[in-house]
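Asks: Provided herewith is a single structure, encoded as structure tokens, for subsequent inquiry.
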Amino acid sequence: MLNLLIPHDLPQTRPERPGQALQPLRLGGSTMGTDWSVTCHAPRAMQADTVRDAADNVFADIIRQMSTWEPTSLISQFNRLPIGGAITLPDAFAHVLEITRQVAAATDGALNPCLGAETSRLGFGPASDPSAPRDTARDAWRTLAPTGATLTRNAPYQLDLSAIAKGHAVDRLAAALRGLGITRFLAEIGGEFVGGDPKPDSLPWWVDIETLSAATRWRVALCGKALATSGDYRKMRIEHGQHVSHITPHPAAMPGTGDLASVSVLHDSCAMADAWATGLFASGSATGLTLAKQHGIAALFQFRDRAAEASNALKLMQD
């Protein structure tokens, strides 16, 4: 069964006339521990290396600021500060932090950027230490209030923006493409997507949401929208009969019925989609669906043992 999802506000563009000065380009590579790709229609005189250089510059800047795997990154420097130490935030870092704070507040900390130490303790971070005590910084996200462009480390947590940084990187990649005069594109990093204007023939960029079963598929017309997925269908192990995930569940998570595997979110911003997907997944399916309804989030909840469930906002997009 194929479910088509068509946003009601798809951008409308005229088909390109034959002979228009556009060329198809497809390129990609590796970044942030995963793969990236761009499929686009660029000005005919543009070289693929020009697009690649723009992408590499975006990735390098985000890694330099937000990679917890890089000891010299800004976030790693922040995590080594003594209590009371502070850093000056570049605009990109401040933007990602603000999105994090918004979604953390909306989900009561289900999206929690202060659990970097717990992620590492569970074996999913840059410094795995299974013998470390459980992270006690569950409420430290409430202290993430910059003063102007300054962020002070007010509690002994390890800041981790990985749940948003990749989505933000796709937003930045899309902005870089537009800066080159490329408006018809599909940009992706590790399964997070941003779609630009439709293809020259006015057809949308169709993207299939990754599913656990081939029996039911979900396909999105991704133009002027972003798609992000969070879950433990890839990063998970079983210990003593229990799932151990890289996404720490909220203490008050209400799982409802079914074994939740992933949450996919459609949004205008890939950073926001990434943040909400993680927050909804960590909330558990029952709480997550309630939050999606309250905030008008278009989300798909997929389970290992039962059929997927769409939020109200996503149901409105079903063809």
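The values are calculated or read from the model by the stated rules, or taken from the named source; none is laboratory data. These numbers were taken from a predicted model, which means no experiment stands behind them. Every residue, glycine among them, receives a Cβ derived from its backbone with ideal geometry; neighbour counts consider all protein chains shown. Accessible surface is based on the protein model in full, side chains and every heavy atom, while ligands, DNA and RNA are left aside. Shrake-Rupley method; radii C 1.70, N 1.55, O 1.52, S 1.80 Å.
Asks: Put a dot 7 Å past each Cα toward the Cβ at residue 53 and residue 86; how far apart are the dots in nm?
Replies: 3.9 nm
Asks: If amide hydrogens are placed 1.01 Å from N in the peptide plane, which non-local residues have theirs closer than 5 Å to the one on residue 3?
Replies: Those qualifying (amide H under 5 Å, at least 5 residues apart or on another chain) are 217, 218, 219.
Asks: Would you kindly derive the ³J(HN,Hα) couplings of segment 78-88 from the backbone phi angles with the Karplus curve 6.51 cos²θ - 1.76 cosθ + 1.60 (θ = phi - 60°), listing them in order in whole Hz, with x for Gly and Pro?
Replies: 3J(HN,Hα) across segment 78-88, in whole Hz: 4, 5, 9, 5, x, 4, x, x, 9, 10, 8.
Asks: Starting from segment 15-119, pick out the GluC sites (Glu not before Pro) whose DSSP state is loop and whose Cβ has at most 16 other Cβ atoms within 10 Å. Walk me through the intermediate numbers first.
Replies: Working: sites: 16, 98, 118; in loops: 16.
Loop-located and lightly packed - 16.
Asks: Pop out the ³J(HN,Hα) list for segment 297-309 in order, Karplus 6.51 cos²θ - 1.76 cosθ + 1.60 with θ = phi - 60°, rounded to Hz; leave Gly and Pro as x.
Replies: 8, 7, 9, 10, 9, 10, 10, 7, 10, 7, 5, 5, 10
Asks: Between residue 212 and residue 180, what is 0.36 nm times their sequence separation minus the Cα-Cα distance? Round to one decimal in nm. Mind dumping the intermediate values first?
Replies: Details: separation 32, 0.36 × 32 = 11.52 nm, distance 3.71 nm.
Working it through step by step, the gained length comes to 7.8 nm.
Asks: Starting from the 7 Å offset along Cα-to-Cβ, what nm value, one decimal, do you get for the label separation of residue 150 and residue 72?
Replies: 2.7 nm
Asks: Another one. Just to confirm a number: summing +1 for Lys and Arg and -1 for Asp and Glu over residues other than residue 196 whose beta-carbon lies under 11 angstrom from that of residue 196, what do you get?
Replies: On the way: positive: 178, 184, 199, 225; negative: 197.
Computed value for this residue: +3.
Asks: Report the accessible area of residue 314, computed with a 1.4 Å probe over the heavy atoms of all protein chains in place, in Å² rounded to the nearest 10.
Replies: Residue 314 has an accessible surface of roughly 0 Å² with all protein chains in place.
Asks: Can you compute 3J(HN,Hα) from phi for each residue in segment 102-108, using the Karplus curve 6.51 cos²θ - 1.76 cosθ + 1.60 with θ = phi - 60°, rounded to whole Hz and x for Gly and Pro?
Replies: After applying 6.51 cos²θ - 1.76 cosθ + 1.60, I find 4, 6, 4, 5, 5, 9, 6 Hz.
Asks: Within the set of other residues whose C-beta is less than 14 Å from the C-beta of residue 148, count the net charge using Lys and Arg as +1 and Asp and Glu as -1.
Replies: Values: positive: none; negative: 91, 98.
Residues near residue 148 contribute -2 overall.
Asks: Net charge within 15 Å of residue 213 by Cβ-Cβ distance, Lys/Arg positive one each and Asp/Glu negative one each, not counting residue 213 itself?
Replies: Working: positive: 217, 219, 304, 306; negative: 208, 210, 259, 305, 309.
Net charge around residue 213: -1.
Asks: With r as the distance between the Cβ atoms of residue 27 and residue 63 and R0 = 22 Å, compute the FRET efficiency 1/(1 + (r/R0)^6) and round to 0.05. Walk me through the numbers before you get to the answer.
Replies: Working: r = 19 Å, r/R0 = 0.86.
Calculated transfer efficiency: 0.70.
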